Amino acid sequence: MKGAKKNILETIGDTPIVALTKIGQELPCNLFVKLEYFNPGLSIKDRIGIVMIEEAEKRGDLKPGGTIIESTSGNTGVGLAIAACTKGYRVVFVMPDKVSIEKVANLRAFGAKVITCPTAVEPDDPRSYYSVSKRLATEIPNSFYCNQYQNQDNPLAHYRGTGPEIWEQTGGEVDTIVLGIGTGGTCAGIGKYLKEKNPDIKIVGVDPVGSMYYGVFHGGQPSPVHTYLIEGIGEDFMPASIQELKYLDDVVQAEDSEAYFWTRELVRLEGIFTGSSCGAALAGALKYGKTARKNENVLVILPDSGVKYLSKAYNEDWLRENGLAEPKLAGTVADLITRKGRDVVTASREDKVQDVVHLMHERGISQVPVLAGGELVGIVTESDLLSGLCTSSVDAADAVEKILSTRYVRLPMEEPLDTLVDTFNRSNLAVVFDGERVAGVLTKIDLLTHLTEKIRQ
Ligand SMILES: Cc1ncc(COP(=O)(O)O)c(C=O)c1O
């Protein structure tokens, strides 16, 4: 029938490029995004799945009735599974246990056998998802280990597909590509093709903090490697598929907090529902954009869909457990100190109780920080003074050092208001420091006043 695609594989690619309308509008450049979740498997990895399989068939590495094995954080698995289902291959996927439950369930839905392995082990550790895949490839007869990290058909898929597609869609008007780097296949394939078309086109890679690429690019030495929550990008070894970073013009870093913040802003402000590596790519583009040329056309590759992260990037409990929850209260304690007025009342340890009581009365305050040599040595509170004088454990003529309290927490001016609620669950008093200087004392009523004023506005 006219207009019908031969099979699902023919729907891969030709994904839309969309202009951002709210995010980054303050920047000199024009920001666009390419939505790879328009692929049938909801990610850019559909493009490499079919190419890696067909090239392996051509080489005779993959034979009819064979089993495809791959180590994947999920998306390449789906790309391979879609092609394998239409071509009649079995699939076995080995994944790091940090991936979302949706991704595991997604692969099992395609009939795949899924094995999860510890994330926080060295790549060459026998328990790692790379090593387990390699071992399975020796144990399972008539199997083909795809190994997207060392497989040059990964960047080839982007050199043949994604690169030409971007060139045609943009009529060659694209100036800069910003994208997350995982295996690096996307940046190497797109980069090679677009630079053949226009050597001035820039490729900017985005690397999670905790991955090695940033350091390698900017200094030859890997950045300190540690686990992070962004999924699909970053690495702790140098894959062949990234072709020695040679097609990259710059690499910028993205923190987990930035990636998850922009992932949520993208759907709320632009209606674009994606995963954490997309938020990371956008965070990187916004950093790059600050120094971009006026009207420079910057295209951000957004590799996958948010449906794969409902239990994570879009789950308030998970975000809170991982310190990524959106601050309920905007601002810092500096806002409260400013509202109270900056001249803080203090006493010295020799000051007499009666003088400090007089000071409290005069200034309408209930606590006074006590300093010695500029250092905070304690705090005098109304309630301690009252019980002290009533029980005669202290006399009006005594020095206040006799009734000092240390029941307070120390906070810097930049402490987010969001954490102050928890602080006041632990202590009634917070002494705020501006560098070494005592900037003020905060109690629950200061926060309540701030909140009610906020609500009144
Ligand atoms: C969600 C996501 N984003 C980005 C990437 C990075 O793409 P590449 O491996 O081509 O660098 C991947 C790769 O697995 C991914 O799954």
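Just one residue in the set LEU376, LEU386 is modelled with pLDDT of 90 or more, under 22 Å from LYS444 (Cα atoms) and open to solvent by less than 40 Å² (accessible area, probe 1.4 Å); that residue is LEU376. Taking only segment 63-78 into account, find how many residues are closer than 16 Å to SER133 by Cβ and open to solvent by less than 10 Å² (accessible area, probe 1.4 Å). Number satisfying all stated conditions: 10. Of the residues making up segment 38-51, not one is small (Gly, Ala, Ser), more than 10 Å from the ligand (Cβ to nearest atom) and either open to solvent by 20 Å² or more (accessible area, probe 1.4 Å) or in contact with a Pro (Cβ under 9 Å, 6 or more places away or on another chain) (or both).
If you filter segment 118-141 down to residues that are assigned to a helix (DSSP H, G or I) and in contact with a Phe, Trp or Tyr (Cβ under 7 Å, 6 or more places away or on another chain), you find that the one that is least open to solvent (accessible area, probe 1.4 Å) is SER133. Within segment 126-139, does at least one residue satisfy the condition of being touching a residue at least 60 places away in the same chain (Cβ under 8 Å) and within 13 Å of the ligand (Cβ to nearest atom)? The answer is no, given that none of the residues of segment 126-139 is touching a residue at least 60 places away in the same chain (Cβ under 8 Å) and within 13 Å of the ligand (Cβ to nearest atom).
Do we find that GLY180 is touching a residue at least 24 places away in the same chain (Cβ under 8 Å), in contact with a Phe, Trp or Tyr (Cβ under 9 Å, 6 or more places away or on another chain) and not charged (D, E, K, R) in this structure? Criteria not met by GLY180. THR291 fulfils the conditions (1) in a helix (DSSP H, G or I); (2) hydroxyl-bearing (Ser, Thr, Tyr); (3) surrounded by fewer than 18 Cβ atoms within 10 Å (Cβ to Cβ) except for a single criterion, (1).
Residues that are assigned to a loop (DSSP other than H, G, I, E, B) and either within 9 Å of the ligand (Cβ to nearest atom) or crowded, with 17+ Cβ neighbours inside 10 Å (or both) within segment 142-199 comprise CYS146, ASN147, GLN148, TYR149, ASN151, VAL174, ASP175, ILE181, GLY182, THR183, GLY184, listed in sequence order. Checking each residue in segment 1-37 for being within 16 Å of the ligand (Cβ to nearest atom) and either among the polar types (S, T, N, Q) or in contact with a Gly (Cβ under 9 Å, 6 or more places away or on another chain) (or both) picks out ILE12, GLY13, THR15, TYR37.
If only residues of segment 287-323 that are more than 16 Å from the ligand (Cβ to nearest atom) and touching a Leu at 6+ places or on another chain (Cβ under 7 Å) are counted, the one that is nearest to PRO208 (Cα to Cα) is ASN322.
With respect to the stated conditions, ALA84 fails to be of a type in the set (Gly, Ala, Ser), within 30 Å of ARG293 (Cβ to Cβ), away from the ligand (no atom under 12 Å from the Cβ) and free of Cβ contacts under 8 Å to residues at least 40 places away in the same chain. Return the residues of segment 118-139 that are among the β-branched types (Val, Ile, Thr) and at pLDDT below 90; say none if nothing qualifies. Listed by number, the residues that qualify are THR119, VAL121. Restricting attention to segment 207-253, the residues that are in a loop (DSSP other than H, G, I, E, B), within 11 Å of the ligand (Cβ to nearest atom) and of a type in the set (Asp, Glu) add up to 2.
Is at least one residue of segment 329-349 within 24 Å of the chain's Cα centre (by Cα) and of a type outside the set (A, V, I, L, M, F, W, C)? Yes, the conditions are met somewhere in segment 329-349.
The values are calculated or read from the model by the stated rules, or taken from the named source; none is laboratory data. Bear in mind the structure is a predicted one, so any value in this text is a computation, not a measurement. With ideal geometry, Cβ positions are generated from the backbone for all residues, glycine too; neighbour counts draw on all protein chains shown. Calculation scope for accessible area: heavy atoms of the full protein, side chains included, ligands and nucleic acids excluded. Shrake-Rupley method; radii C 1.70, N 1.55, O 1.52, S 1.80 Å.
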